[in-house]
Structure formats: C-alpha cells, structure tokens
Amino acid sequence: MKIHGQCSCREISYELTKEPMFVHACHCSLCKQQTGSAFIAHAFIESAHFHLLSGVLHPVFGASGSGNPHEVDRCKSCGTAIISYYEGQREWGVVKVGTLQNPDQFPPGVHLHIKQKVSWIEIPEDVPAFEEGYDFKAVWPSEGYTRFMKFF
C-alpha cells in the first residue's frame, strides 16, 4: 500500500507505506493558530512508513499544547506543514491529513479539545468527542494502538 501526499507548491512529495495507526482531529487553540484553520486532522504513522520522495523538509521548533517539545516539518518554499514530532522523539509522527492526496480516505476517529472548538464546526454524532484529551487505548482500534505502544 502506498498513500501519497504533497505540499501546496508541490516541491515536497511523500508517501506512506502503511495506513495510519489512527486519525484524530484536534480543536485546541494552539493547533488552530499553527494551521490558521479551525482544527487539524493528524494521522499517526511510524517514521519507518513515512518516505520523503522530493524536496527538503524544514523543521520549526516550538511547544505543544502540553508544553512539551514539538517539531513541525514544513516545506521551506510554501510553508505547508507536512509532519510533526513530539517530545524530541522521531520514531513516530503525525502527518497533516490535508496534505494527503485523498484526505477523504482518512476521516478522524475522534475529536479532541472540543471545548475550544469553533461553533460552526459540526462533529458527526457517531464520532467520539472529548472536551480535552482522551484515552488512546479506549478509543483507538486495537491494531493501531498495538503499533503505537511499541514506542513506549
């Protein structure tokens, strides 16, 4: 399986060689500020399954909502955020779903930080939603959770 993605200027292209472990949508104020949008959809993937095909990613460092280190790798030309890494590790990352060639294939399995959600976003009734964070083990499918827990 190969899932392709790219930045808005097409200088960066990449592929995922496995389906994401899970996708969630975050509505926290930091994600909204960093994306300039109402929320961000993140696809969790092992770094071994993320392959840069063209271009050079430019790391931008800052803090995550928890205050822990956060690296966002962007296209240096257009600034599109492609993948993020948290807490100084690079074994897994979160790909920005909007950069995937077919983002409709990867809808969020959960919405988090909905107490900060903009009022005009409707969350489907059949998708779990949490005021703040959530328990990955309780929400993620077992296969994705097992893959993720190999890093802890």
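The values are calculated or read from the model by the stated rules, or taken from the named source; none is laboratory data. Given the structure is predicted, the values throughout are model-derived calculations rather than measurements. Counting neighbours? That spans all protein chains shown, and the Cβs are built from the backbone with ideal geometry, glycine included.
A few comments on the model shown:
- Enumeration of residues in the range 78-133 that are of a type in the set (D, E, K, R) and more than 12 Å from residue 41 (Cβ to Cβ): 87, 90, 91, 115, 117, 122, 125, 126, 131, 132
- For first residues located in the range 105-116 and under 11 Å from residue 128 (Cα atoms), partners that are surrounded by fewer than 16 Cβ atoms within 10 Å (Cβ to Cβ) and among the small types (Gly, Ala, Ser) and lie 6+ apart or on another chain with Cβ distances below 8 Å form the pairs 112/133.
- Residue count for the range 1-55, restricted to those that are buried (at least 18 other Cβ atoms within 10 Å of the Cβ), on the phi > 0 side of the Ramachandran plot and modelled with pLDDT under 95: 0.
- Any hit, the range 68-80, residues being surrounded by 15 or more Cβ atoms within 10 Å (Cβ to Cβ) and touching a Lys or Arg at 6+ places or on another chain (Cβ under 7 Å): yes
- Some residue of the range 78-93 being within 19 Å of residue 144 (Cα to Cα), in contact (Cβ under 8 Å) with a residue 40 or more places away in the chain, part of a strand (DSSP E or B) and touching a Ser or Thr at 6+ places or on another chain (Cβ under 7 Å): yes
- Looking across the range 38-73, the residues that are in contact (Cβ under 8 Å) with a residue 60 or more places away in the chain and in a loop (DSSP other than H, G, I, E, B) come down to 38, 39.
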